[in-house]
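Read through the structure below, which is laid out as structure tokens, and then see the notes.
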Amino acid sequence: MVLIVAFSAVIPLMTVVNYSVQDILDFNTRFFVGFDWYRETLNDPRFIDAFWRQIGFSLTVIAIEIPLGIMVAKGIPKASRYTPLILILLALPLLIPWNVVATIWQMFARPDIGLLGVSINALGIDYNYTASPIQAWLTIVAMDVWHWTSLVALLSFAGLSAIPGPFYQAAELDGAGKWQVFRLIELPRLRGVLVIAVLLRLMDSFMIYTEPFVLTGGGPGNATTFLSQYLTTMAVGQFDLGPAAAFSVIYFLFILLFCWLFYTSVISRDET
Amino acid sequence: MAQITLEDVSFRYPGATEDTLYGLDLQIENGEAHALLGASGAGKTTMLNLLSGLLSPTSGRLLFDGNDVSDLPGRERNVAQVFQFPVLYDSLTVAENLAFPLRTRGVATDMIDGQVAYICSELSLGKIRDTKPPSLSLFEKQLLAVGKALVRPDVSLVLLDEPLTAVEPKIKWKLRQTLLKVQKDLGVTMIYVTHDQTEALTFAERVSVLSAGGILQTGTPTEIYQSPANEFIGHFVGSPGMNFLPCSAVPSTTGDRIGFRPEWAALVDEGHVDGTVTRVRVYSTQDSKAHGLVTLMTPHGEVFVRGNAEFETGMKASVRIDRCVTFQGGNRVAEIAHV
Amino acid sequence: MLALANLRLNAGCSEGFSHTFLSGQITVVLGANNAGKTDMCRFITGLSTPARGEILLDGEDVSSMSPQQRSVSLVYQAFVNYPNLTVLENIESPLRAHSAPAAARLTQASDIAAKLQLTELLHRLPHELSGGQQQRVAIARALAKDARVLLLDEPLVNLDFKLREALENELRELLTASNTIVIYTSSDPRDAFTLGDQLLLLDNGRKLQSGSPVDVYRNPNCLRSMELLADPFVNRFLGDGSECAIRPEHVRVDDKDHSQASITFEMQVTAFETSGDESFIHGQVADHDWIARCQGMKEITVGSKLALHVREQDIVRF
């Protein structure tokens, strides 16, 4: 077990760290440059732009997917004949390969032949996601919400199903309204499940690559170029291994930082 | 507080072939402490749910103070319930939990404060007023659940669904005592549902014994214990239940069988029925002598006698029955206080 | 014979305890909720490893063996059965694990099922059964394993009153029939008398006392030992400068026999309850909470003063 982790994670990681502190011209010509690449990357304006775009994107999708997922979960009947069917239908978007998701949306949103594109244009709104940065953003966010809300919904449904009947009964006898039931009974008990959901969405959305790349190619211009795409361009397109490696390490540390911050804030609340 | 009446109430779950409860007739007085005693599957939970409004009777009527509430939803019946485990709002403090049922009904703030203070002092919750449930012990949590059920001064009925289940055995009596005291102080109509006959007999002014969807007998604990209406109750109530012997074993009795409780008999040299001791369970000492339950195997089956336990398995002994109840066809015929 | 040597139940214990369980006997392990009963069960089965200590079964050190290698079976509080196997298949499962031939398996399983009155339910699934029936299946499965040690961790606590009573009777006969070492944990002192040949008292991970239930009842070595066997609690008072205690059942309301030396107390009655064969009188005696337990259904008024008599020989002094 330890050997597998070593080969699949530790060694590649150490290799990247190794590259990040060297200037590599070709395999045999390397110079140790210390933290130069790190300094350069952190001061690179395009990196900073991509970073803030990324933060904006992650926060936006989480802000939409979590409440929406909970609402969907609340709408699923707990013990009906149709429940298994509904759960399967909800799970479908999660099973589609990510580039297929992007391709579906690419066609769906096309202003000339896509159902969404044509419908919006028919309403009088001038919609062309390849031309307008705002519309590109909206389309990408819509795609991500379509793709991942089911995850939150399924997790929340599991959490809600675990709430024993007496809690609802007592609330009914207390005269509690629907919002009070949600705030005082369901939300506290969904906390564990929501922590997992937010953590997963945070990490995944921060690493998002395939969907925006296929849908908009990062455009128009740089409007939807997120961190991972910029990194790939640097590493694979420009073949700057040194800076790319440094970038990777920084990227990795950011994700680790977010997860750690989130985790500790939840654990400390759990202990009070 | 209200008078609760069940008029020929029956209930059948949708899709079931038989009634779960059939033809229940029961009247519980205003301010009465009433217990519903029955084994699992007897229909206690269904009856509880009919009273709380979770279910509506399939036929018959349910009346609170003469008003038909059969189809009224739970929130409009003014009923409160205490469950087997503490059902509380974990994000609210003790005081906020208590205030909640009053706040949802728009009661004035100063009245709410007064009621909360009253309940806190009745149940000695004052010290933990500002604590939240996750920091409380199970006993304190269940106590809070009881307080929450009693906080509304106009509550018609408080239902208790085996409320001592989660509490540690050693502390059960404390919660029992509190319930008794608070019921008497507030004069609230309480219906206590349980499978534990100790809980039922110690708590209630009257007990209804439920079996297979019907009420077998309603009476005071003394009546239920000392003159059970039929053999089932004689066996079900009491630990262990009544011993049954054919009437022929005890002359001067008429009927099919006689039932006598383990403490209504003694083991002597010459009694009514002879047997061999098969088991001795010592529970305490009286005058330094072993005291407990002796199992005697007689020609008519096992007999349990409570009292002097200075016996060994294999010894011969005889049962002298001092008091018994006679049954015919399973139903009580007569009580014989001195045999 | 199962021997526990220097067993430390949790990291907070400064000293371990040792105890020997004998074959063909039921040992009731009595303790409050967090006394360490379940931990001890888990150590004996091998589901967890103690901070320190050895476990020897018939002289062999099994401390480092996995649960599968040990000859121990465990019945839980929750009714644990394989949900997708029938009752018969559940009972056969430990026999299957030891590769017994099919015909022998069937006979053995059927015999055990008959002992627990499960014969008519052999082809049902666990979820179709009542709580009591499910627990009987769990016990049958544990018996089928025919292990050297059978552990029952408060197995009847989730069952109905009357069902518990019935099973207690059956269990006692079933468990003493074989030469198994039976360990039954409980927090209810009645179980000690109903089921136990031997008693082991645990408190906060420490062993307080052991012996036959009657011996421990008559001669508690400390106040806590006395409290663990008292239902609901022990009455305390100060007598001749030392801490004295008296059991609720030894407090008499009427004392007709004056030949025995006794002390009289006065109680201010605060509450009274009766359960048919017994009555409990709660009150205050010299600033202590007291409870008197008497036979029969008495008539006592709350708020009255009551004279209580206690025999000298029943007083325990510490």
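The values are calculated or read from the model by the stated rules, or taken from the named source; none is laboratory data. Note that this is a predicted model, so its numbers are computed, not measured. So basically every Cβ, Gly included, is an ideal-geometry build from the backbone, and we count neighbours across all protein chains shown. SASA here: full protein model, heavy atoms, side chains in, ligands and nucleic acids out. Shrake-Rupley method; radii C 1.70, N 1.55, O 1.52, S 1.80 Å.
General observations
- Selection status of B:T20, more than 14 Å from every other protein chain (Cβ to nearest Cβ), open to solvent by 10 Å² or more (accessible area, probe 1.4 Å) and modelled with pLDDT under 90: yes
- Subset of the stretch C:189-215 that is surrounded by fewer than 23 Cβ atoms within 10 Å (Cβ to Cβ) and at positive phi - its residue that is farthest from the other protein chains (Cβ to nearest Cβ): C:N204
- Consider the stretch A:159-183 and keep the residues that are surrounded by fewer than 22 Cβ atoms within 10 Å (Cβ to Cβ), outside any loop (DSSP other than H, G, I, E, B) and hydrophobic (A, V, I, L, M, F, W, C). The one that is farthest from the other protein chains (Cβ to nearest Cβ) is A:L160.
- Flag for B:A309 being hydrophobic (A, V, I, L, M, F, W, C) and more than 14 Å from chain C (Cβ to nearest Cβ): no
- Residues that are assigned to a loop (DSSP other than H, G, I, E, B) and closer than 15 Å to B:I4 by Cα within the stretch B:18-46 comprise B:E29, B:N30, B:G31, B:E32, listed in sequence order.
- When residues of the stretch B:167-224 are limited to those that are under 22 Å from B:L125 (Cβ atoms) and of a type in the set (D, E), the one nearest to the chain's Cα centre (by Cα): B:E168
- Restricting the stretch A:203-224 to residues that are hydrophobic (A, V, I, L, M, F, W, C) and open to solvent by 40 Å² or more (accessible area, probe 1.4 Å) leaves a set whose member that is farthest from A:I255 (Cα to Cα) is A:V214.
- Among (1) open to solvent by less than 40 Å² (accessible area, probe 1.4 Å); (2) assigned to a strand (DSSP E or B); (3) more than 14 Å from chain C (Cβ to nearest Cβ) - the single one B:G271 does not satisfy: (2)
- Matching residues in the stretch B:47-80 - criterion: being open to solvent by 10 Å² or more (accessible area, probe 1.4 Å) and either within 15 Å of B:V193 (Cβ to Cβ) or part of a helix (DSSP H, G or I) (or both): B:N49, B:L54, B:L55, B:R75, B:E76
- Taking each residue of the stretch B:25-43 that is touching a residue at least 12 places away in the same chain (Cβ under 8 Å) and farther than 28 Å from B:D154 by Cβ and looking for partners that are open to solvent by less than 10 Å² (accessible area, probe 1.4 Å) and in a loop (DSSP other than H, G, I, E, B) with beta-carbon atoms closer than 7 Å, six or more apart or interchain, yields B:G43/B:G213.
- Conditions (1) within 14 Å of chain C (Cβ to nearest Cβ); (2) in a helix (DSSP H, G or I); (3) open to solvent by 10 Å² or more (accessible area, probe 1.4 Å); number of the one not met by B:K127: (1)
- When the stretch B:235-253 is limited to residues that are under 21 Å from C:S275 (Cβ atoms) and among the aliphatic types (A, V, I, L, M), the one that is surrounded by the most Cβ atoms within 10 Å (Cβ to Cβ) turns out to be B:V237.
- Residue within the stretch C:208-216 that is touching a Ser or Thr at 6+ places or on another chain (Cβ under 6 Å) and assigned by TED's automatic domain parsing to the domain that holds C:S304 present: no
- For the stretch C:133-144, the condition holds for at least one residue, the condition being that it is under 22 Å from B:R279 (Cβ atoms) and touching a strand residue (DSSP E or B) at 6+ places or on another chain (Cβ under 6 Å).
- Any hit, the stretch C:161-178, residues being at pLDDT below 90, in contact with a strand residue (DSSP E or B) (Cβ under 6 Å, 6 or more places away or on another chain) and more than 9 Å from chain B (Cβ to nearest Cβ): yes
- The sole residue among B:L175, B:L216, B:L210, B:L157 that is open to solvent by 50 Å² or more (accessible area, probe 1.4 Å) and away from chain C (no Cβ under 11 Å) is B:L216.
- Candidate set from the stretch C:274-293 (those that are within 11 Å of chain B (Cβ to nearest Cβ) and in a strand (DSSP E or B)); member that is surrounded by the fewest Cβ atoms within 10 Å (Cβ to Cβ): C:D289
- For the stretch A:136-149, the tally of residues that are open to solvent by 10 Å² or more (accessible area, probe 1.4 Å) and not β-branched (V, I, T) stands at 5.
- Residue match in the stretch C:247-258 (condition: open to solvent by less than 60 Å² (accessible area, probe 1.4 Å), in contact (Cβ under 8 Å) with a residue 60 or more places away in the chain and part of a strand (DSSP E or B)): no
- Which numbered condition B:T104 fails, given (1) open to solvent by 20 Å² or more (accessible area, probe 1.4 Å); (2) touching a residue at least 12 places away in the same chain (Cβ under 8 Å); (3) within 14 Å of chain A (Cβ to nearest Cβ): (2)
- Checking each residue in the stretch B:178-197 for being among the hydroxyl-bearing types (S, T, Y), surrounded by 22 or more Cβ atoms within 10 Å (Cβ to Cβ) and within 12 Å of another protein chain (Cβ to nearest Cβ) picks out only B:T194.
- Residues that are under 18 Å from B:L160 (Cα atoms) and hydrophobic (A, V, I, L, M, F, W, C) were ranked within the stretch B:63-89; the one that is farthest from the other protein chains (Cβ to nearest Cβ) is B:F64.
- Some residue of the stretch B:299-319 being open to solvent by less than 10 Å² (accessible area, probe 1.4 Å) and of a type in the set (F, W, Y): no
- Leading residue by the ranking (farthest from C:L199 (Cα to Cα)) among those in the stretch C:38-48 that are open to solvent by 10 Å² or more (accessible area, probe 1.4 Å) and out of contact with any Lys or Arg (no Cβ under 8 Å at 6 or more places or on another chain): C:L47
- Any hit, the stretch A:151-158, residues being of a type in the set (S, T, Y), closer than 30 Å to A:E211 by Cβ, open to solvent by less than 20 Å² (accessible area, probe 1.4 Å) and more than 17 Å from the chain's Cα centre (by Cα): yes
- Taken together, the criteria place A:E40 among residues that are in contact (Cβ under 8 Å) with a residue 24 or more places away in the chain and open to solvent by 60 Å² or more (accessible area, probe 1.4 Å).
- Looking only at the stretch A:56-68, and only at residues there that are open to solvent by less than 60 Å² (accessible area, probe 1.4 Å) and closer than 14 Å to A:L200 by Cα, the one that is farthest from the chain's Cα centre (by Cα): A:I66
- Check on B:V280, modelled with pLDDT under 95 and open to solvent by 60 Å² or more (accessible area, probe 1.4 Å): no
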